[in-house]
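The values are calculated or read from the model by the stated rules, or taken from the named source; none is laboratory data. None of the values given here were measured: they were computed from a predicted structure. No Cβ is skipped: glycine too gets one built from the backbone with ideal geometry, and neighbour counts run over all protein chains shown. We work out accessible area using only protein heavy atoms, side chains counted, and drop any ligands, DNA or RNA first. Shrake-Rupley method; radii C 1.70, N 1.55, O 1.52, S 1.80 Å.
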Amino acid sequence: MTIAGDSELEGQIAEWRAYVHRRREMHSTDAEELEDHLRNRITELTESGLRADEAFLIAVKRMGTLDELSREFAREHSERLWKQLVLAKEPSAPAAARSRRELPVMLLCAAVAALAVKVPSLFGVDIADDDGSFYVRNMSLFVLPPLAAYFVWQRRVGPRVIGALAALFVLGAIAANAYPLDDGSQSLAITAIHLPLALWLVVGVAYTGGDWRSDRRRMDFVRFSGEWLIYLNLLGAGGGMLMAFTAGTFNAIGLDAEEFIGSWLAPCGFAAAVIVSAWLVEAKQSVIENMAPVLTRVFTPLFAATLLAFLVAVAWTNNGIDVERDALILFDLLLVVVLGLLLYSISARDLTAPPGFFDRMQLALVVSALVIDALVLLAITGRITEWGFTPNKTAALGENIILLANLAWSAWLLLGFVRGRMPFAHLERWQTRYMVVYAAWAWTVVLTFPPLFDFA
């Protein structure tokens, strides 16, 4: 296969990277080092006058087969690998020393997040007595800055990126608290939904070490997000059992522990779990990487069948879609879940594998979601035409337009891949670059909706 330009070159490198990642003896950081080596060789060859396709083929050939490459890599880095695997406590090993600091730093960030939740109590705003408006708007501001700080330390991010991250968190805090929104304000709920999304993408900048322009690193952040969510749910299930046992055992001796659980254990435990989940993803990658793709393959056909059944029911009954607030949230969540399944299946897929049944199932899922999104958009525009704009309908309109564009082009790329007309890497590259659109929309909602609708 020849390479026509930089996009095709990236597709070939993505296939090579997927091949390398299939080898369990290769850790992700080692694979990244090998990829940098490959890219350096390609650069040297292209600078000497070769075309991109020639440079790629020669560079790969010179690096040899993966088995030979693995042996050469192990011999070249034998001291580092030996100390990592066998002498992890050797004080002279920089990697081992950093590994020893990993747990204390994570615990420090988790403690900061947990205590940050209780700081408002010093000013008379306790989570148990709050009417919901303050903590609903600000919970992400308590837990996500410590998570970003953990990645800043882990990735050794430079001062310029740290300054940009801090500025974005400050901007989010100002946007969430500058306007005295009523408890029943639609903008309050909209801000509570979109601010965590906007700040999560700020965390993504820290996760990528400031290299947010890299498609590969953005896709790594997609993988991390899915794995982090799995771990957070597992910790949440365990925490729920812990709280139930705590309440039951203390009640058995005549003590009421519900106030302690509601004011301390639940909020502080959740804040700490956000950091601990991220640490578990980083520390236990080989375990969770097997779990997430399995869950994706289980739920993709189930959601595809559900969406197809819904479309059949709409056609059979000729009923329109209700666009009240709860229904809008439900449909938006459904479309986000579909997009999440697509994103994570892309991140976990072997780019060198030919199209198969699961890819066709994904195409059916995306096309079904696309049709449902179009029906929702028709219903929303009809209500806006009749009743005018509100924060809920405006947010739903923007989000569904963004999802419609993504789903439509994703369906086209998937169709081309299934028919053998384009590489799968095109779909991966499209999704990582479209993340910028989601970030821009989330920040637009947080910064403009309160003054636009509540203080017009």
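Could you look through the stretch 379-420, keep only residues that are of a type in the set (S, T, Y) and under 25 Å from the mean Cα position of the chain (by Cα), and pick out the one that is nearest to H194 (Cα to Cα)?
Applying the filter and picking the extreme gives T394.
When you go through (1) open to solvent by less than 40 Å² (accessible area, probe 1.4 Å); (2) not in a helix (DSSP H, G or I) one by one for M422, which number turns out not to apply?
All conditions pass for M422, except number (1).
Could you tell me how many of the residues in the stretch 383-411 are touching a residue at least 40 places away in the same chain (Cβ under 8 Å), open to solvent by 20 Å² or more (accessible area, probe 1.4 Å) and closer than 21 Å to V314 by Cβ?
Result for the stretch 383-411: 3.
May I ask you to verify whether F250 is assigned by TED's automatic domain parsing to the domain that holds A110, part of a helix (DSSP H, G or I) and either open to solvent by 80 Å² or more (accessible area, probe 1.4 Å) or at pLDDT below 85 (or both)?
Yes; evaluated as a whole, the condition is true for this residue.
Would you confirm, using the coordinates I've provided, whether V337 is farther than 16 Å from I401 by Cβ, among the aliphatic types (A, V, I, L, M) and open to solvent by 40 Å² or more (accessible area, probe 1.4 Å)?
yes
Checking the structure you have, find out if any residue of the stretch 62-71 is over 35 Å from the mean Cα position of the chain (by Cα), at pLDDT 65 or above and open to solvent by 30 Å² or more (accessible area, probe 1.4 Å).
yes
Can you tell me how many residues within the stretch 143-193 are modelled with pLDDT of 90 or more, open to solvent by less than 10 Å² (accessible area, probe 1.4 Å) and of a type outside the set (A, V, I, L, M, F, W, C)?
2
Keeping to the stretch 205-236, report how many residues are in contact (Cβ under 8 Å) with a residue 60 or more places away in the chain and more than 12 Å from the chain's Cα centre (by Cα).
Residues meeting the conditions: 2.
Here is a list: A327, A292, A271, A278. Which entry is in contact with a Phe, Trp or Tyr (Cβ under 9 Å, 6 or more places away or on another chain), assigned to a helix (DSSP H, G or I), small (G, A, S) and at pLDDT below 80?
Just one listed residue meets the conditions, A292.
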